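Comments concern the structure below.
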Amino acid sequence: MISKAILAAAIILVSSVSLAFSINSRYAINEKGAYIKETQVLCDMNEAEYCQVLCKQDNECRRTEPYCLNCAGTTSTVLRTLFSQISQNYVPTQTEIPTSAIVRYLATTNYILIGAKSVYNYYKPLNSGEFLSNLQALCPTPTDDPLLAIKLSPVQEPEKMSFILCKSADGRTQAFDVSPRQPGLGNQVLGSQIKLSLQ
């Protein structure tokens with residue numbers, strides 16, 4: 001009797017840990033046998049309202065990413081900057097975005113998620129680790145698979161980076177603002193304007 005109670009408690013504990021509010025980007029096979037990229041959102045029992053908002057389910061939501069115009073190639077200046085110069089152009093803020101705001105974004109915004117192994121990365125070798133390190137540097141704590149949320153324009157082109165998704169040690173997803181780096185010398189912003197004269 002005691003062993004059954006312990007087993008039941010362990011199952012509940014494991015389930016609640018594995019279902020902490022979590023956002024994942026993954027490839028799956030649709031009903032036609034084709035590979036698709038999808039966003040998976042997991043909600044624990046205390047946050048089932050978030051999955052209800054997203055897909056009228058309590059524990060899990062899946063969303064197929066939309067077609068992204070000019071993502072597959074080197075046309076998009078937004079993606080080019082992110083893949084090749086993210087560490088030069090952005091700095092972490094450690095300003096956390098509330099979960100309710102993340103859910104509202106996921107429910108109302110046309111977006112894609114980009115990670116270190118993105119098929120859209122035409123600028124760095126697939127397994128170089130450099131882009132992963134750059135993404136990890138934007139998270140306040142170590143994380144295995146950070147993801148950039150990229151807002152798409154009305155014509156499905158990358159418009160801007162919205163925030164970064166980081167995983168905490170318990171597997172929970174947290175979102176943080178990322179700020180454009182201000183021009184300056186080293187890490188210090190210039191204190192006075194430089195006036196140039198062409199005379």
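Every read-out reported here was derived from the displayed coordinates using simple, explicitly stated rules and does not represent laboratory data. What you see is a predicted model, and the numbers here were worked out from it, not measured in a lab. Positions of Cβ are backbone-derived with ideal geometry, glycine not excepted, and every protein chain shown enters the neighbour counts.
Distant-in-sequence amide contacts of residue 110, defined by a placed amide H-H separation under 5 Å and a gap of 5 or more residues or a different chain, comprise 152. For residue 145, the amide hydrogen comes within under 5 Å of the amide hydrogens of 167, counting only partners 5 or more places away or on other chains and with H modelled in the peptide plane. Using only alpha-carbon positions in the range 57-170, the gyration tensor eigenvalues give semi-axes of 21, 19, 13 Å once each is multiplied by 5 and square-rooted (largest first). Using the Karplus relation 6.51 cos²θ - 1.76 cosθ + 1.60 with θ = phi - 60°, the per-residue 3J(HN,Hα) values for the range 63-73 come to 10, 6, 5, x, 4, 10, 6, 6, 7, 7, x Hz, with x marking Gly and Pro. The H on the amide N of residue 162, modeled in the peptide plane, is under 5 Å from the matching H of 149, 150, 151, each at least 5 residues off or on a different chain. Counted residue by residue at 0.36 nm each, then reduced by the alpha carbon distance between them, the extension gain from residue 30 to residue 104 reaches 24.1 nm.
Among the trypsin sites (Lys or Arg not before Pro) in the range 107-168, those located in a DSSP loop and surrounded by at most 15 other Cβ atoms within 10 Å of their own Cβ are 117.
The label point for residue 170 and the one for residue 38, both projected 7 Å from the Cα toward the Cβ, are 2.7 nm apart. Take the Cα of residue 69, step 7 Å toward its Cβ, do the same at residue 181, and the gap between the two points is 3.1 nm. Couplings 3J(HN,Hα) for the range 101-118, derived from phi with the Karplus relation 6.51 cos²θ - 1.76 cosθ + 1.60 (θ = phi - 60°), are 6, 4, 4, 4, 4, 4, 7, 10, 10, 8, 8, 10, 10, 10, x, 5, 9, 4 Hz, where x marks Gly and Pro.
Give me the net charge of residue 166's neighbourhood, meaning all other residues with Cβ under 15 Å from the Cβ of residue 166; Lys, Arg count +1, Asp, Glu -1. Result for the local shell: -3.
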